[in-house]
1. What do you get for the angle between helix 2-19 and the principal long axis of the chain? Use alpha-carbon atoms, 0 to 90 degrees, nearest ten.
2. Long-range amide H contacts for LEU102: which residues qualify at under 5 Å (H placed 1.01 Å from N, peptide plane, sequence gap of 5 or more or a different chain)?
3. Relative to the longest principal axis of the C-alpha atoms of the chain, give the angle of the C-alpha long axis of helix 46-63, reported between 0 and 90° and rounded to the nearest 10°.
4. For a quick check, take a GNM of the chain with Cα springs below 10 Å and name the residue from ARG80, ARG68, ARG39 with the largest mean-square fluctuation.
5. Using the Cα atoms as the points, what is the convex hull volume per residue of the chain in Å³?
6. Under the 0.36 nm per residue contour assumption, what length would be gained going from the current alpha-carbon distance of VAL13 and HIS60 to full extension?
7. Would you list which lysines come within 20 Å of LYS91, measuring only between C-alpha atoms, while excluding same-chain residues fewer than 8 positions from it?
8. Between GLN90, GLN61, GLN11, where does the largest GNM mean-square fluctuation fall for the chain, given springs only between Cα atoms within less than 10 Å?
Amino acid sequence: MNTLLRRAALQYVKTNARSSSGHAATAGGHGGGWKLWKRMTFIVAFPAIGLGMLNAYLAHQEHANHERPEFVPFEYLRVRTKRFPWGDGQKSLFHNPHVNPLPSGYEDH
């Protein structure tokens with residue numbers, strides 16, 4: 001039994017040594033596969049990324065100059081039971097004065 005396993009392992013190693021002697025891209029006649037993917041990257045992928053960026057930029061420009069909504073002091077929004085540990089204690093860590101109102105309303109700028 002032991003010699004049979006040794007022979008099988010030796011045969012397996014010999015078979016794999018022959019088949020893996022070349023690179024995976026050139027084995028079996030597929031030597032030009034990388035050229036196809038390189039061309040696809042430059043011809044398809046990069047222009048698609050550029051068009052996506054252009055689409056996002058134009059959509060942003062379309063909505064960039066909008067008026068902010070009127071402040072409505074709902075009692076359940078912007079509840080401050082404890083001061084924030086930075087600044088004046090009223091502004092959150094990612095406070096944007098144009099978009100985020102304080103409990104008393106928008107900041108005047």
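Laboratory data are not the source of any read-out in this text; all were calculated from the coordinates shown. This one's a predicted model, so the numbers in the text were calculated from it and none came from an experiment.
1. The helix 2-19 is inclined about 70 degrees to the chain.
2. Close amide H contacts, sequence-distant or interchain: GLU107.
3. The two axes meet at around 10 degrees.
4. So, out of ARG80, ARG68, ARG39, the one fluctuating most is ARG80.
5. Numbers: hull volume 34.7 nm³, N = 109.
Hull volume over Cα atoms, normalised by residue count, gives 318 Å³.
6. Working: separation 47, 0.36 × 47 = 16.92 nm, distance 5.98 nm.
Going from the current span to full extension adds 10.9 nm.
7. LYS82
8. GLN11
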